[in-house]
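J.: Could you have a look at this structure, given as C-alpha cells, before my questions?
The values are calculated or read from the model by the stated rules, or taken from the named source; none is laboratory data. Note that the structure is predicted; figures quoted are calculated from it, not measured. Cβ atoms come from the backbone with ideal geometry, glycine included; neighbour counts cover every protein chain shown. Just so you know, the surface numbers come from the protein's heavy atoms only, side chains and all, with ligands and any DNA or RNA stripped out. Shrake-Rupley method; radii C 1.70, N 1.55, O 1.52, S 1.80 Å.
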Amino acid sequence: MSQLAILGGPKTRTEAYPAWPVWDQRDIEAVTEVIKSGRWGGFPYPGPKTAELARKFAEMQGGGYAVPMANGTVSMEVACRAAGIGWGDEVIVPAYTFQATAAAPMSAGAIPVIVDVDPSTYCIDPKAIARAITSKTKAIIPVHLGHQMADMDAIMQIAGKHNLIVIEDCAHAHGARWNGQGAGTLGHFGSFSLQSSKTLTTGEGGILLCRTPELAAKAASIIDCGRPHALGGGPEDDSMGFQVGGNYRLSELAAALALVGLQRFPAQAKQREEMAAYMDESLSEINGVRVLKRDPRHTTRSFYRYMFAIHPEEFGVEHDVLCAALDAEGVGCWVGYEAMHHYTLFQPQKSKLAVPSAFPEYFAFDEMNLPEATRACEHEAVWLDEAVFRSGVGGVDDAVTALKKIQEHAKELAEASQKLREQYGK
Ligand SMILES: Cc1ncc(COP(=O)(O)O)c(C=O)c1O
C-alpha cells in the first residue's frame, strides 16, 4: 500500500486544524448589546461602534484616519475616487493578487496596468512599476500578499518622484509592520478586508486607512451616499456639500464583532509570527522547497496565509498535485490566485465592463509577458492555511512532516500525477 494519503495511505495529521473564525461569549454579548440598542445599521454614519472601531483600528496600525466600510474591494475603489482618480487614468497593480485589486480601480473608471512580481517575495516588483509609468499613471496599488509585504521603500520613492498616489492593499496584512510602521500607513491609503477568512473579521467588512483627515472625510462621504462629512469621518458638516457616492456603510452589528476581534488579535498575531519563523526554518531543510525572502525591513509579520515555492522539477510534480497531496495528508493548503492576465473577467471580448471595452489595448493579455507571476501561479506557489500556525509547534511540525513524506515518495506521486491532476487539478 502507498504511504501517501492521496494514494490510499495513512494521513499525517488526523486531528483537524482549528476552525476560523474564532468566537466566544464576548461576541454573543457584543452583538446582543447592539441588537438591544436598536441601532443595527450604519446610518447615521458613523454609529458609535463604527467610530470606536475606526479609532481602535488606526491605533493598532499606528496611524492614519480609519473609515470602516462594506468590504475590502470598495475600500480600494473609494480610495481611487477620494484621490480624484477616474476615467482613463492608469493604476499600476501586481499580476499576483485577488481580482479585487484590479477590479476596484476599474469600478472607479480607471485602467489597471498589470505588472510582474518579484519572485523572491511574490509582491509587486518596483522595477516593473518604474517601467510601466506613463503620463496617465495616477496610482500604484501594491499588495502585501500572503505573509509578505511589498517593498514599500522603493515604491514610495517611485511614487514621490512621479507624484503618484499609493493605495496599499492590506487585505492580508492586518497588524503587519514595515520598518516598524504599520501596513496601510506608509502609502496615502491602506485598504483592509474584514471578510470571513481574514485575520480580523466581521463576516463582511472593510476599513480604509487614509493619510489625512481630508481624504478620510471624502471617503466617508463617498460611502455614505455622498453626504457631507467633517474631517476624519466625523459628524456631518454641511459646508463641504454633497458629492457622488453610494451606500457602502458598515453595520453596527459588524463593527461590534470587529471590536471583539481586536481584543484577540494581538495574541493571535504574536503566535502566527513566532510560528512563521519556525516554519521558515523547518522548510529550509526540505529539498525542492524554496522559502520566500525574509526582508529585515518587514519588522512584524502578521499575516493571512503563508506562501512557499516548490521546484516542480525536484518534486516531480507541479504545485496543484502537491497541494492535493498535502491536503490529503490533513494539511490545509491552496495553490493561490490565477495570474491576473488570465482572469476571464477582464478579457474585453468576454466582459461588458466599460473599462476593458473602451480601452482594449490595455487588455491584450495574450501579448503580456509576466513570467514571474505566471511561474508562481501556474507551477510553484503553495499557500498554507493560517490555522496551521494557530495550532502551535505541533501544527507546524505536522505540516512539515507531511511535506517531507510527499518529498520522499515524490516518484510515486509523479507517476500518479496525470490521473491526480484530472481529479484534483485547478
Ligand atoms: C488581496 C485582496 N484584496 C482585496 C480583497 C477584497 O476584499 P473583500 O473580500 O473584503 O472585498 C481580498 C479578499 O477578499 C484580497 O485577498
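J.: So for each of 247-258, 33-44 I average, over its residues, the number of other beta carbons within 10 Å; can you give me the resulting order with the highest mean first?
T.: Numbers: 247-258: 24.1, 33-44: 14.3.
Packing order, densest peptide first, comes out as 247-258, 33-44.
J.: Starting from the coordinates of the alpha-carbon atoms of the chain, obtain the Kirkwood hydrodynamic radius over all distinct pairs and give the value in Å to one decimal. Walk me through the numbers on the way to the answer.
T.: On the way: mean 1/r = 0.0449 Å⁻¹.
It works out to 22.3 Å.
J.: With N set to the residue count of the stretch 243-322, report its C-alpha Rg divided by 2.2 N^0.38 Å to two decimal places.
T.: On the way: Rg = 19.1 Å, N = 80, 2.2 N^0.38 = 11.6 Å.
Taking the Cα Rg and dividing by 2.2 N^0.38 Å, one obtains 1.65.
J.: If you don't mind, another one. Which value, in Å², gives the accessible area per residue of the stretch 1-139 when a 1.4 Å probe is used on the protein heavy atoms?
T.: Details: 5850 Å² over 139 residues.
Ligands and nucleic acids excluded, the result is 42 Å² per residue.
J.: In what order, largest first, do 107, 191 sit by accessible area if the probe radius is 1.4 Å?
T.: Values: 107 65, 191 0 Å².
The residues order as 107, 191, largest area first.
J.: So what is the relative contact order for the stretch 329-423, in percent, with contacts set as C-alpha pairs under 8 Å and at least six apart?
T.: Details: 60 pairs, mean separation 32.2, N = 95.
Taking the mean separation of contacting Cα pairs over the length of the stretch 329-423, I get 34 percent.
J.: In sequence order, what are the phi-derived ³J(HN,Hα) couplings for the stretch 360-367 according to the Karplus relation 6.51 cos²θ - 1.76 cosθ + 1.60 with θ = phi - 60°, rounded to whole Hz, with x for glycine and proline?
T.: x, 4, 7, 10, 7, 5, 5, 8
J.: Can you give me the accessible area per residue for the stretch 332-403, using a 1.4 Å probe, in Å²? Show your work: numbers first, answer last.
T.: Values: 3020 Å² over 72 residues.
Heavy-atom SASA per residue in the stretch 332-403 reads 42 Å².
J.: Can you give the relative contact order of the chain as a percent, counting alpha carbon pairs under 8 Å and 6+ residues apart?
T.: On the way: 912 pairs, mean separation 87.1, N = 426.
About 20 percent, as a whole number.
J.: Can you give me the C-alpha center-to-center distance between the stretch 148-226 and the stretch 269-297, rounded to a whole angstrom?
T.: 25
J.: Whole-Hz Karplus ³J(HN,Hα) for the stretch 21-26, in order, using 6.51 cos²θ - 1.76 cosθ + 1.60 and θ = phi - 60°, x for Gly and Pro?
T.: Result, rounded to whole Hz: x, 7, 8, 8, 4, 4.
J.: What translational D, rounded to a whole number of µm²/s, comes out for the stretch 294-426 from Stokes-Einstein when the hydrodynamic radius is the Kirkwood one over Cα pairs, at 20 °C and 1.002 mPa s? Please list the in-between numbers first.
T.: Working: Rh = 16.9 Å.
Stokes-Einstein gives a translational diffusion coefficient of 127 µm²/s.
J.: Continuing with the same structure: Can you give me the solvent accessible area of residue 81 with a 1.4 Å probe, rounded to the nearest 10 Å²?
T.: Its accessible surface works out to 100 Å², give or take rounding.
J.: Right, next: Among the lysines, which have Cα under 25 Å from the Cα of residue 293 when same-chain residues fewer than 8 positions away are ignored?
T.: 127, 198, 270, 404, 405
J.: Per the 1.4 Å probe, what fraction of the accessible area of the chain, in percent, lies on carbon and sulfur atoms?
T.: Working: 8870 of 16930 Å².
Exposed carbon and sulfur together represent 52 percent of the surface.
J.: Taking H placed 1.01 Å from N in the peptide plane, check which residues at least 5 places from residue 176 or on another chain put their amide H under 5 Å from its amide H.
T.: Excluding prolines and chain starts, which carry no amide H, the hits are 183, 302.
J.: Now a separate question. I'd like to compare 284-292, 181-189: which one has the highest average count of other Cβ atoms within 10 Å, and what's the full order after that? Write down the numbers at each step before the final one.
T.: On the way: 284-292: 16.1, 181-189: 25.0.
Ranked by mean Cβ neighbours within 10 Å, highest first: 181-189, 284-292.
J.: Using just the helices of the chain, give the 222 nm mean residue ellipticity in deg cm²/dmol: DSSP H runs with n ≥ 4 each add -39,500 (n - 2.57), and the total is spread over all residues, rounded to 500.
T.: Details: 15 runs with 165 residues, N = 426.
One gets -11500 deg cm²/dmol as the mean residue ellipticity at 222 nm.
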